[in-house]
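First comes the structure, then the notes that go with it.
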Amino acid sequence: MSAAPERSYVLFPLGKKRFALPAETVAELARPDHLQTFPHRTPLLAGVLVRRGRIVPVCDVAQVLLGPDAPPRKFYLIAQRQGESRQEWTAIPVTGECELATLAQVPPEGTQPAYVTGMLEAGDETITVVDLEKLIAVEAKS
Amino acid sequence: MKDQSQLPQPGSHEGVILFTVGGFKFAIAAGSVKEIRGTGGLQEIKVKGNVAQMEKLRFILERDGATYFVVDAQRYFHLAKSAPGRVLILSDSPTALLVDSTDRMTDISALHALPRAFTQEERSWYRGLAVVDGEVVPVVNHDSLLSKGEQEVLRAGLDRLRDVSAV
């Protein structure tokens, strides 16, 4: 198994596990804000936040990554999603402080969901790198 | 590349009517509403077939020689509860919307595109999102309440009903 060159990742906690997003996709870590809701039918979407004049959808990926027993989320990690015609911020509720780390990604072992793009090894800890676009798409299709 | 969710859409500076259904606040273009009235005069639809299959439709309203098909906002938005009290009669359409209450008219300075993270029915329900007094309010797409095809089906059903009752 060969490691890719080192890159910067934002490591975010969900319960006892940590996951990672490429740092260049992360805009900010925000404190709990006023979540606003309105009727819709899209799974995972908890509502929207207003951040710096933008309306940011809140996508609760913990339901996919951990299941229904995910602990309460404390912060919002705001990441950019790149669509076909435009990019968009999406807030992901996380359960604690995030960490910026420069690590080498290795390919995922065995059969993993399509949203897992690789793994990071930080000491004894193995951290799953996720593709946010694919992660959200998984739930949208199901 | 600009984030288009931040950009006002063309024609976004407009008057809207704020209304509530099931505890949620919505907006609808003021220019699309001809009249706001109470629920008096609503006639429950008691027919079978295509009309009955339109779950969102509960009533018709006869007004000034015209028949309006009344879409129940609670059913349309799949809400658990509502307390209907007002009817918004649309202009240029035989459609009305049954809502809980109307709040007020206001101007919105920008219509934000619905974030593309929203992928389901809401993409047709809403023209976009507005921020009113710091609160995000979806702006209802009045054209999608009852499609042209649905209107045709309803008109045909209504004509059949009248033919039967005239015999």
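Summary of computed values
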{"read-out": "The one condition in (1) within 16 Å of the chain's Cα centre (by Cα); (2) surrounded by 14 or more Cβ atoms within 10 Å (Cβ to Cβ); (3) aliphatic (A, V, I, L, M) that A:A114 fails to fulfil", "value": "(2)"}
{"read-out": "Hits in region A:24-35 - residues which are within 12 Å of chain B (Cβ to nearest Cβ) and either under 20 Å from B:R75 (Cα atoms) or buried (at least 19 other Cβ atoms within 10 Å of the Cβ) (or both)", "value": "none"}
{"read-out": "Elements of type strands (runs of 3 or more DSSP E) in region B:74-148, at least 1 residues being among the small types (G, A, S) and more than 14 Å from the chain's Cα centre (by Cα)", "value": "B:126-132"}
{"read-out": "Residue satisfying all of: in region A:36-52; over 17 Å from the mean Cα position of the chain (by Cα) and not in a loop (DSSP other than H, G, I, E, B); farthest from the other protein chains (Cβ to nearest Cβ) among these", "value": "A:R51"}
{"read-out": "A:E109 within 20 Å of A:L45 (Cα to Cα) and either modelled with pLDDT under 90 or among the small types (G, A, S) (or both)", "value": "no"}
{"read-out": "Qualifying position, being in a loop (DSSP other than H, G, I, E, B) and closer than 12 Å to A:P13 by Cα, among A:P71, A:P113, A:P108, A:P93", "value": "A:P71"}
{"read-out": "Unmet requirement for A:I55, which otherwise passes all of (1) within 14 Å of another protein chain (Cβ to nearest Cβ); (2) outside any helix (DSSP H, G or I); (3) modelled with pLDDT under 90", "value": "(3)"}
{"read-out": "Any hit, region A:92-109, residues being farther than 23 Å from A:L120 by Cα and either more than 8 Å from chain B (Cβ to nearest Cβ) or open to solvent by less than 60 Å² (accessible area, probe 1.4 Å) (or both)", "value": "no"}
{"read-out": "Cβ-Cβ under 8 Å pairs, at least 6 apart or on other chains, region B:120-135 side facing another protein chain (nearest Cβ under 8 Å), far side outside any loop (DSSP other than H, G, I, E, B) and among the hydroxyl-bearing types (S, T, Y)", "value": "B:W125/B:Y76; B:W125/B:S144"}
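The values are calculated or read from the model by the stated rules, or taken from the named source; none is laboratory data. Just so it is clear, the structure is predicted and the values come from calculations on it, not from any experiment. All Cβ positions, even for glycine, are placed from backbone atoms using ideal geometry, and neighbour counts span all protein chains on display. For accessibility, only protein heavy atoms count, side chains too; no ligands or nucleic acids. Shrake-Rupley method; radii C 1.70, N 1.55, O 1.52, S 1.80 Å.
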